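Coordinate-derived values only; no laboratory data. Computed from a predicted model, the values in this text were never measured in an experiment. Because the Cβ atoms are built from the backbone with ideal geometry, glycine has one as well, and the counts that use them run over all protein chains shown.
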Amino acid sequence: MGTPAAGGWRLPSRGRSSSSKLTQRAINNIRFALLCAFVTLLVLRGTVGVSRRLVYIAGSRRAPSGTNKVVEDMERTLREIRADSDPDPEDGGSRAATTTPVARYYDRGSAWSTQNYSLGPRVTRWNAKRRRWLHLNPGFPSRDARGNPRVLLVTASPPGPCDTPGGDHFLLRATKNRMDYCRLHGIEYAHAMARLDAELTGGWAKLPLLRRLMLVHPEVEWLWWMDGDALVTDMGFELPLARYEGTHLVVHGNSHLLFQQRSWVAVSTGSFLLRNCQWSLELLDAWAVMGPRGRARDDAGRLLTATLYGRPAFEADDQSALIHLLLTEKERWMDKVYLENEYYLHGLWAGLVGKYEKVMEKHHPGYGDDRWPFVTHFVGCKPCSGGGGRSRRGGGNSSDEYPPERCVSGMERAFNFADNQVLRLYGFRHESLASSDVRRVTNRSANPLEAKEDALSFLKKPKDPVVQSHDVRKNRKRKGKKDSVLARVLKRLGWRSEF
């Protein structure tokens, strides 16, 4: 040890220890503050949507110019749904003005769900169960007499009478129209009038009906839904089912409107095909979560209006819900969805009924497209409630009104246009598309079978002419393959190959 005189004794240094303690204390305070912020964030996140989960689709109405706009739109949407209030008047007009395509689309959360609701008990391994049932019941084959997959056309109408006799008459004509097409093409027909689920009303009623028909009719391969206000106007067109191998849902739609613009009319559920399989049962369950009437449907309608471009403000509808589902869960569903636009699986009546005379002059049944539309859907007309209404689905917006007179005239023309193709089999046709009177167009033949063949050939799509190629290499006759020298020698000697 040193002596005090030599400087050997030293007092302990307190400066370094005190500074290290202050630094450690500051670090602990920062950690505690971050922990508090994280807990607060979790609490705030848990208070949003106690019984429902929301997803905000970025850029659905329009692509915002900056991050602040996205945050404002999210806050506005959540504020509307949680407070059950109307949209802010400052935001209502500006957001519906224009649409800018967005480069990336991704989920900002999870899909909409409603607790304590389902279409029925969960069905698993339906594909295997269906195959076994078909094997044990050979009297119910999944293919018709022509070898095509069995199809069931499904439609529905109100359980009670319409408001006017004209509405009942249209429903009767529409039923005859579909039965004529099914009879010509070997398709089965199912018409429902009962409401199978009290929670799913209006357009949502088709979902429990389709699910029940799938389970009751395992012999049916495809279910073809058609709204009650739609008519088949090409009696010669056949559904190209071979094209849909590997797909389970066929809807009339446009991929650009669906994924780029996120339009609420990107697909139509007025007429679509659904395969009888496990995938379809799961789709119906996921599709129906926005359907229960009451507050659940109203809240979902506000979400759809805020996220789908061009959609007016009203309760959730089945078409917008399907679009929302395909957008938010694209990886799960779109691999089995076929967006059909090569023919009119769903055609808007307003642009078709005035062209029938020109169609009859220039073209032939069997095409299903612009040359001879397959399905004419009277969107916006309410035949069972007077004949006119607002176009809220499938095209147009809520301000497009169709007078009852225009709807009734269009329905008359569409039915007679389709009925002429059936009456031709019997040698008759309507006096005009606006008249229900008929006249004879062919003389009575001593050979009725030849007359029938001629009438049926009219319904068939004419074969496209073979285009002669100008390439001389393709038009040159192919020479037969010459035998080798050894083969010719053996042939002269009388040797023949046994193979």
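Any idea what the dipole of the stretch 222-362 comes to, in debye rounded to 20, about its Cα centre with Lys/Arg Cβ at +1 and Asp/Glu Cβ at -1?
Numbers: 14 positive and 19 negative charges, 68 e Å.
Value, rounded to 20: 320 debye.
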Three principal axis lengths of the stretch 226-364 [C-alpha, angstrom, descending]: 51, 34, 29
Descending semi-axes in whole angstrom, ellipsoid equivalent of the stretch 129-222, from the Cα gyration tensor: 29, 19, 8
3J(HN,Hα) from dihedral phi, the stretch 253-268, Karplus parametrisation 6.51/-1.76/1.60, rounded to Hz, x for glycine, proline: x, 9, 5, 5, 5, 6, 9, 8, 9, 6, 7, 7, 10, 5, 10, 10
Karplus-derived 3J(HN,Hα), 6.51/-1.76/1.60, for each residue of the stretch 150-163, Hz, glycine and proline x: 6, 10, 10, 7, 10, 8, 8, 9, x, x, x, x, 6, 5
Between the stretch 170-230 and the stretch 236-302, the alpha-carbon center distance in angstrom: 16 Å
Neighbourhood net charge (15 Å Cβ-Cβ; Lys/Arg +1, Asp/Glu -1) for P141: +2
Derived scalar couplings ³J(HN,Hα) [the stretch 119-133; Karplus, 6.51 cos²θ - 1.76 cosθ + 1.60; whole Hz; x for Gly, Pro]: 6, x, x, 5, 10, 10, 6, 5, 4, 5, 5, 5, 4, 5, 5
Nonlocal amide H pairs with V220, under 5 Å, H built at 1.01 Å: none
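Take the cross-link list K129/K336; K206/K358; K355/K382; K336/K358; K129/K206 and give me the ones stretching past 26 Å between alpha-carbons. It would help to have the intermediate numbers written out before the result.
Numbers: K129/K336 21 Å; K206/K358 35 Å; K355/K382 22 Å; K336/K358 37 Å; K129/K206 24 Å.
Exceeds cut-off: K206/K358; K336/K358.
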